[in-house]
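Pasting in a structure now, in structure tokens, and then I'll have a few things to ask.
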Amino acid sequence: RRPPRSTLSSSSAASDVYKRQVHGSLDKVSAYAVKSQMGKIITKPNKPNQDAYFIIKNPIDIENGYLFGVMDGHGLFGKEVSSLVKTRLPANLFSSSSHNVTEVRQSFLLNPDFRASLIKSGYEKTNEELSRSPFDISYSGTTSVTVFTHESLLLCANVGDSRAIIASTHNEDPLQWHVQQITTDHKPELLHEYQRILMHNGRVEALRGKSWCEVDASGRAMGPRRVWMKSKNCPGLAMSRALGDAVASKLGVISVPDIFEIRVNEGHKVLVIASDGIWGVLSNEEVMRVAGSFYRAKDAEKACKALVQRATAVWNKLGENIDDITAVSYTHLTLPTKRIV
């Protein structure tokens, strides 16, 4: 099977930025950019950037199609996990053992059930490849949020707590953006996630007795809820879905993505995809106030830089450590009139 054609795929630089201006009347994406910045942990001065991303134009030759992805690795081999997912997931998303490339391309655009099945299969294949990788994924894994866009179709899949939002406005006033969160953060305290973890003999609660865990006046832990074994304080994963994380997968943490499909219209202007380094300190509305201020200039590069700078400033105020930060932003031209389905 021929893999998608990659415009950009990276995770190695401590801080990098990429931008692209797009021209063409049938291409609704007018500009896109990404910026990724390595975080900081005082006790680990040589920590790698465990975030990864990809931007692919015309995957499997879908003209004027785009595939965006952001991964946020965690654990000892988080960088290796997110790098493998960055490399393999795009190809797996469009891979079918029973269809050739032409059939996949046609069915993907025309059949919602087919594309949902293909995406879930792609995540499953990638997770299986992680289990056969040379590095230990017992306590290492990654989030993954991917967005495919073509004409009026916007298709999003996510595992974990990386997030995608889209904003609309009809008067291009940056103070009047309507923000829609596309994805759901997979946190273990969500009822359906919590119930699944309990059914797999897992335990969900915040960690106590650590200096970085906030405690209220009654001594109750206030930090993030985590997934544990019933009788042991491991693995302590602060999300209910992830790729990798072999130990947590036995406790109800799954790699099955949620899939969201929306039809964009002339009011939709800006989309932002980012890792938890952004969402952990900035609200959806604040992110769009920052990114939306660059919409008229179609300057996705400055939008990404400003988001990373703003998030870094907040992290610095909160303490000595800074999470890895990755943000992808793109803006729209007017949409073509042809509908897909």
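Just grab the label-to-label distance for K232 and L207, each label 7 Å out from Cα along the Cβ direction, in nm (one decimal).
Reported label-point gap for K232 and L207 is 1.5 nm.
Also, quick follow-up: In nm, to one decimal, how far is the H178 label point from the Q309 one, both placed 7 Å along Cα→Cβ?
For the pair H178/Q309, the computed spacing is 3.1 nm.
Any chance you could look up the accessible area of I55 with a 1.4 Å probe, heavy atoms only, rounded to 10 Å²?
About 0 Å², ignoring ligands and nucleic acids.
Run the quick spin-label model on S293 and D136: label points 7 Å from Cα toward the beta carbon, then report their separation in nm to one decimal.
It works out to 4.6 nm between the two label points.
Considering only the other residues whose Cβ falls under 12 Å of the Cβ of G69, what net charge follows from Lys and Arg at +1 and Asp and Glu at -1?
Here the count lands on 0.
Let me ask you something else. How much length is gained if the chain between N111 and L191 is pulled fully straight, taking 0.36 nm per residue apart and subtracting their Cα-Cα distance, in nm to one decimal?
25.7 nm
Then there's this: How large is the accessible surface of H268 in square angstrom, using a 1.4 angstrom probe and rounding to the nearest 10?
Around 20 Å² of this residue is reachable by solvent.
Same structure again: Determine by what factor the alpha-carbon radius of gyration of segment 225-341 differs from 2.2 N^0.38 Å, reporting the quotient. Can you show the working numbers first?
Details: Rg = 18.5 Å, N = 117, 2.2 N^0.38 = 13.4 Å.
Normalised Cα radius of gyration, segment 225-341: 1.38.
Show me the trypsin sites (Lys or Arg not before Pro) within segment 69-168 that DSSP assigns to loop and that have at most 15 other Cβ atoms within 10 Å of their Cβ. Please report the intermediate quantities before stating the final value.
Numbers: sites: K79, K86, R88, R105, R115, K120, K125, R132, R163; in loops: R132.
Listed in order of number, the matching sites are R132.
Can you pick out the pairs among K40/K305; K86/K232; K79/K305; K44/K79 whose Cα atoms lie more than 25 Å from each other?
Result: K86/K232 exceed 25 Å.
Using a Förster distance of 35 angstrom, determine the FRET efficiency expected from the C-beta separation of S97 and D61, and round it to 0.05.
The calculated FRET efficiency here is 0.95.
The values are calculated or read from the model by the stated rules, or taken from the named source; none is laboratory data. Predicted, not measured: the structure shown is a model, and the values here were computed from it. Here Cβ is always computed from backbone atoms with ideal geometry, including for glycine, and neighbour counts include all displayed protein chains. What goes into the accessible areas is simple: the full protein's heavy atoms, side chains included, and nothing from ligands, DNA or RNA. Shrake-Rupley method; radii C 1.70, N 1.55, O 1.52, S 1.80 Å.
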